[in-house]
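The values are calculated or read from the model by the stated rules, or taken from the named source; none is laboratory data. Note that this is a predicted model, so its numbers are computed, not measured. For neighbour counting, all protein chains shown are included, and Cβ atoms are generated from backbone atoms with ideal geometry for every residue, glycine included.
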Amino acid sequence: MSNLVCPVCGSPNLTQHSFFETISESLGGHVQLEKKNYICAECGSEGDLFSENEEAAEFAIAKLREDLVVSILEDFTKNNVSLAAIERALELPQRTLTKWKTKSSNPSAAGVSLLKFLKIFPWLLEVAENGFEYGLSQKLYLENALKTFMQKMAFEESGFRSAGVITTANTTVLYFQTQKNGATPIFADERVHIEARGV
Amino acid sequence: MPKHDFGAFLRCCDKEPQNVIILRQPEEDGRSIFRLPTKNRIIQFIGNGGLEQLSFVNTEEWRNNFDKSYPLYVDAYEFRTLSILGYIALIRNERLGTWIVKSFHRSKNDPSLVIGGLLGNRQN
């Protein structure tokens with residue numbers, strides 16, 4: 001440490017310690033990484049002042065992404081969506097996803113992002129399969145949004161607003177909750193009355 | 001007027017990233033706010049023109065500088081990247097040839113912070 005000076009103020013009065021930091025990957029897991037940290041006694045600057053943690057951090061991130069990709073692809077397989085079909089819809093070279101799953105090759109950052117989108121919005125595969133046709137894509141988007149809305153809205157919870165308005169620049173959607181006798185769900189898709197009119 | 005040449009900072013990010021120092025807090029903010037998980041990625045983002053619609057905020061003498069005979073100054077800017085209005089504060093040490101990113105987070109003027117506050121949401 002005798003040769004090191006604070007790159008902020010030039011002081012040689014640096015102390016070094018280690019700490020553990022959690023590195024997370026969105027939709028994936030996390031890992032604890034031991035990092036070096038310096039503190040300048042003169043100016044108080046603190047950080048990885050000599051970039052000693054970068055390689056380990058990049059390696060940890062790459063490992064998390066590798067595991068995430070495997071997890072997403074296994075989910076598709078478990079849900080009877082074959083990798084060959086996904087490759088066909090996305091016009092990827094065949095066996096691309098198999099190679100990612102077996103870790104014999106690694107996806108680029110773009111590939112990882114693509115899989116994340118598919119994980120969150122699996123209906124995007126249908127958009128791809130239909131050639132990204134705009135009108136159909138919009139229809140699929142709205143159908144899935146409405147389905148999610150119906151499934152996720154906590155209609156039965158106290159405090160839920162029994163009527164409301166959702167509005168955009170061009171459209172207003174009014175919704176309201178009604179009581180219905182019987183065991184059938186109140187808000188099955190075909191039973192809900194939603195009124196939409198242009199503003 | 002900014003004390004330092006921001007273009008020189010950008011060139012340094014692009015060509016001499018080893019001379020750009022990211023302190024611990026901006027490194028953490030870069031990860032949590034801007035989804036740039038390492039210091040190198042922050043520097044690459046900046047060097048690639050990621051700080052859009054740059055707007056100078058102010059210049060102040062750096063209070064923590066211990067060598068008062070050689071004052072260091074902090075230039076602060078706002079910038080935009082997609083939906084985020086960000087804030088970056090830089091120090092330049094000519095003697096050491098280093099640029100120091102002292103702050104890198106959402107600007108206090110970011111509308112999402114205002115709306116989040118109204119909704120009682122916790123923001124970065």
Mind listing whichever residues of region A:45-85 are in a loop (DSSP other than H, G, I, E, B) and within 30 Å of A:Gly10 (Cβ to Cβ)? A:Ser45, A:Asp48, A:Leu49, A:Phe50, A:Ser51, A:Glu52, A:Asn53
Does region B:12-42 hold any residues that are farther than 20 Å from A:Ser18 by Cβ, surrounded by fewer than 19 Cβ atoms within 10 Å (Cβ to Cβ) and touching a residue at least 40 places away in the same chain (Cβ under 8 Å), and which are they? B:Asn19, B:Ser32, B:Ile33
Does A:Phe76 qualify as being surrounded by fewer than 19 Cβ atoms within 10 Å (Cβ to Cβ), more than 9 Å from every other protein chain (Cβ to nearest Cβ) and among the aromatic types (Phe, Trp, Tyr)? no
So is B:Arg95 closer than 20 Å to B:Pro2 by Cα, modelled with pLDDT under 95, within 13 Å of chain A (Cβ to nearest Cβ) and surrounded by fewer than 14 Cβ atoms within 10 Å (Cβ to Cβ) or not? yes
Which residues, counting only those in region B:78-92, are in a strand (DSSP E or B) and either at pLDDT below 95 or more than 12 Å from every other protein chain (Cβ to nearest Cβ) (or both)? B:Glu78, B:Phe79, B:Arg80, B:Thr81, B:Ile84, B:Leu85, B:Gly86, B:Tyr87, B:Ile88, B:Ala89
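Restricting attention to region B:63-72, does a residue exist that is away from chain A (no Cβ under 14 Å) and either at negative phi or of a type outside the set (S, T, N, Q) (or both)? Full working, then the answer.
First, the residues of region B:63-72 that are away from chain A (no Cβ under 14 Å): none.
Taking every residue of region B:63-72 in turn, none turns out to be away from chain A (no Cβ under 14 Å) and either at negative phi or of a type outside the set (S, T, N, Q) (or both).
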Turns out the helices (runs of 4 or more DSSP H) fully within region A:107-163 with at least 3 residues that are of a type in the set (D, E, K, R) and modelled with pLDDT under 95 are A:134-152
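Tell me, yes or no, whether region A:94-105 has at least one residue that is free of Cβ contacts under 8 Å to residues at least 60 places away in the same chain, within 11 Å of chain B (Cβ to nearest Cβ) and on the phi < 0 side of the Ramachandran plot.
no
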Looking only at region A:100-117, decide whether some residue is exposed (fewer than 15 other Cβ atoms within 10 Å of the Cβ), touching a helix residue (DSSP H, G or I) at 6+ places or on another chain (Cβ under 9 Å), among the charged types (D, E, K, R) and within 30 Å of A:Lys147 (Cα to Cα). no
Taking the criterion of being free of Cβ contacts under 8 Å to residues at least 60 places away in the same chain and within 11 Å of the chain's Cα centre (by Cα), would at least one residue in region B:65-73 satisfy it? no
Of the conditions (1) modelled with pLDDT of 95 or more; (2) exposed (fewer than 11 other Cβ atoms within 10 Å of the Cβ), the single one that A:Ala188 does not satisfy is (1)
Out of the residues in region A:1-55 that are of a type in the set (Phe, Trp, Tyr) and either under 31 Å from the mean Cα position of the chain (by Cα) or facing chain B (nearest Cβ under 7 Å) (or both), which is farthest from B:Asn65 (Cα to Cα)? A:Phe20
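Please go through region B:75-102 and pick out each residue that is touching a Ser or Thr at 6+ places or on another chain (Cβ under 9 Å) and more than 20 Å from A:Asp48 (Cα to Cα).
In the first step, residues of region B:75-102 are kept if they are touching a Ser or Thr at 6+ places or on another chain (Cβ under 9 Å); the result is B:75-80, B:83-92, B:100, B:102.
B:Asp75, B:Ala76, B:Tyr77, B:Glu78, B:Phe79, B:Arg80, B:Ser83, B:Ile84, B:Leu85, B:Gly86, B:Tyr87 - these are the residues of region B:75-102 that are touching a Ser or Thr at 6+ places or on another chain (Cβ under 9 Å) and more than 20 Å from A:Asp48 (Cα to Cα).
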